[in-house]
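To start, the structure itself, in structure tokens.
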Amino acid sequence: MNNDVNAQVPDALDQLFAQARAEQHEPGDDLMARIMADAMRNAPKQTSPTSTVKLPSGIRGFLAALGGWPALGGLAMATVAGLWIGISPPDSLNDFAASVLGERVTVSLFPDDDPFGLEG
């Protein structure tokens with residue numbers, strides 16, 4: 001008896017799913033009218049094609065594109081910190097890089113000890 005019930009459940013579910021797929025549900029005209037009225041009420045206002053927007057130019061335009069003085073201050077601070085860490089990295093950073101890379105790497109900006117040819 002238990003096997004009959006288990007065999008009937010998948011068949012019943014298949015029939016329900018097939019019936020649900022066969023039904024076509026479309027929104028009514030009243031609902032679509034309310035949706036369109038709400039969309040038109042919340043849509044941004046159109047400007048005339050002849051109106052022009054004057055963009056800030058020069059330093060003000062650059063500052064506005066960055067986000068103003070607070071953003072410029074943060075950018076300057078990050079630049080100074082990056083330069084400082086790049087020129088004089090802390091010893092812990094060298095140790096960390098050596099542990100990650102597996103060896104210590106040193107980069108020289110100049111090919112030899114006398115970069116400007118002042119000796120000899």
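All of the numbers you see were taken from the coordinates with simple rules; none came from a lab. Just so it is clear, the model here is predicted, and its values are computed rather than measured. In this analysis, Cβ positions are derived from the backbone assuming ideal geometry, glycine residues included, and neighbour counts consider all displayed protein chains.
Please work out how much length the chain gains when fully extended from residue 26 to residue 77, using 0.36 nm per residue of separation minus the C-alpha to C-alpha distance, in nm with one decimal. Contour length minus the Cα-Cα distance gives 12.6 nm.
Taking the number of other C-beta atoms within 10 Å as the exposure measure, put 80, 100 in order starting with the fewest.
Least crowded to most crowded, the residues run 100, 80.
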